[in-house]
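The values are calculated or read from the model by the stated rules, or taken from the named source; none is laboratory data. Note that this is a predicted model, so its numbers are computed, not measured.
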Amino acid sequence: MFTTFAKKPHDDSLIDFCRDFVHRASVITHHPNHWAIQRAITALGIYLRNHRQTAMGLELSEWYVKCLRYLLSILDILTPGITYSRANVQLQLGWALQGQCEALKSQTKYDQAQRNSLEALALLRKSLKFFKHDFPTQ
């Protein structure tokens with residue numbers, strides 16, 4: 001879309017354009033921390049864990065890890081400390097990072113595989129400490 005704006009000092013075409021753009025964007029776009037975004041990432045995580053955990057390629061797994069890290073950053077702000085939601089995301093992130101190690105080793109990215117393993121172990125320990133005997137199955 002291309003729009004030309006007049007050079008008169010009191011021309012409202014730029015204001016109208018911006019107002020229209022903001023209105024249209026707000027109807028179809030959510031704030032990055034919006035609950036709908038959080039729910040979408042959570043649902044994606046549940047689906048991938050249940051249906052694609054063993055058949056997830058490295059590219060999809062890296063994107064998934066990025067989403068989970070983003071979700072953790074939101075949880076840091078909204079619910080600091082350890083909660084069921086946070087422990088569940090940590091568990092998913094730990095699984096995903098550990099799952100990447102085989103592909104990373106096959107690409108001779110040993111340092112990254114080792115970092116993933118160490119981070120996965122730390123995340124899994126934290127989440128398992130929270131869950132103790134009430135380990136989530138879904």
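The conditions of being at pLDDT below 70 and under 30 Å from residue 104 (Cα atoms) are not met by residue 46. Is it the case that the range 96-113 has a residue that's under 19 Å from residue 41 (Cα atoms) and among the acidic types (Asp, Glu)? No - not one qualifying residue is present in the range 96-113.
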